[in-house]
Amino acid sequence: MPAASHLPACCSAPRALWPFARHLPGVQLHSCHFDPAALSAEAYQQAAIAAPASVLRAAAKRQTEFLAGRLCARAALAGHGRQALAEDREEDGAPRWPTGLCGSITHSKGLAAAVVGTRQDWQGLGLDAEAVLDPARAQHLVGQILTADEQQRLAGLDDSEQAWLISLTFCSKESLFKALYPLVRQRFYFQDAELLDCQPDGDLQLRLLRDLGPQWPAGSLLHGQHAALGSHLLSLVSIANPG
């Protein structure tokens, strides 16, 4: 029987939400807020959350975002009648999801969230949250994040609009990696995918620009959604199970 858990002062209670326009069957999404300044030495014990030694030795920010992410994951798993993530992680450090489930965890500047779905419905789910970049920071990073074609689409936009689109491109490519990496087990980078389209209703379309195995050749199209959540952008890339 797991130890009783109590909410630590550094994290708000995870809550279920669905900010996207299109619902995904069998998917649970929970989020919470966290504050590293309120982290106590007893926080992990209070929450009954296990963490690797490397996290417990880390700075308060890293400890708190890990804790908040695992609290959200536990809440999302509870929606599927499951208790918690395994204490150990995959070799690459990713969460180890219970049999029959897939998901991902994200955290950014005080916000954490986790999404969990059934493998019966989904091969992969990639969730990412990002604070919108300020225009100067966005322009500094544009060459790292955007392909040449994506950069051309910035023409005609003002500074704030460009910063928003650069931020969304970053966010959606992070979601793409989280959804696809567990299936291909190959690392790929910002220049290996392209955000083709983002609609006002939140729909996203991305295209791979390199081969990631026989099932995911260059040119493969993937779909996702984006939404605003407070001061953050949230994106979710979902890969349906064809079976």
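The values are calculated or read from the model by the stated rules, or taken from the named source; none is laboratory data. What you are looking at is a predicted structure, and each value in this text was computed from that prediction instead of being measured. Neighbour counts run over all protein chains shown; Cβ positions are idealised from the backbone, glycine included.
Some notes on this structure:
- Residue that is farthest from the chain's Cα centre (by Cα) [pool: residues in segment 101-140 that are surrounded by fewer than 16 Cβ atoms within 10 Å (Cβ to Cβ) and hydrophobic (A, V, I, L, M, F, W, C)]: 136
- Of the numbered criteria (1) hydroxyl-bearing (Ser, Thr, Tyr); (2) out of contact with any Pro (no Cβ under 7 Å at 6 or more places or on another chain); (3) in the same structural domain as residue 23 (by TED's automatic domain parsing), the one residue 64 fails is (2).
- Qualifying residue in segment 147-162 (condition: touching a strand residue (DSSP E or B) at 6+ places or on another chain (Cβ under 7 Å) and either touching a residue at least 60 places away in the same chain (Cβ under 8 Å) or surrounded by 23 or more Cβ atoms within 10 Å (Cβ to Cβ) (or both)): yes
- Candidates 5, 31, 40 - the one that is modelled with pLDDT of 95 or more, among the hydroxyl-bearing types (Ser, Thr, Tyr) and more than 21 Å from the chain's Cα centre (by Cα): 40
- If you go through segment 115-131 and keep only what is closer than 15 Å to residue 82 by Cβ and outside any strand (DSSP E or B), you end up with 119, 120.
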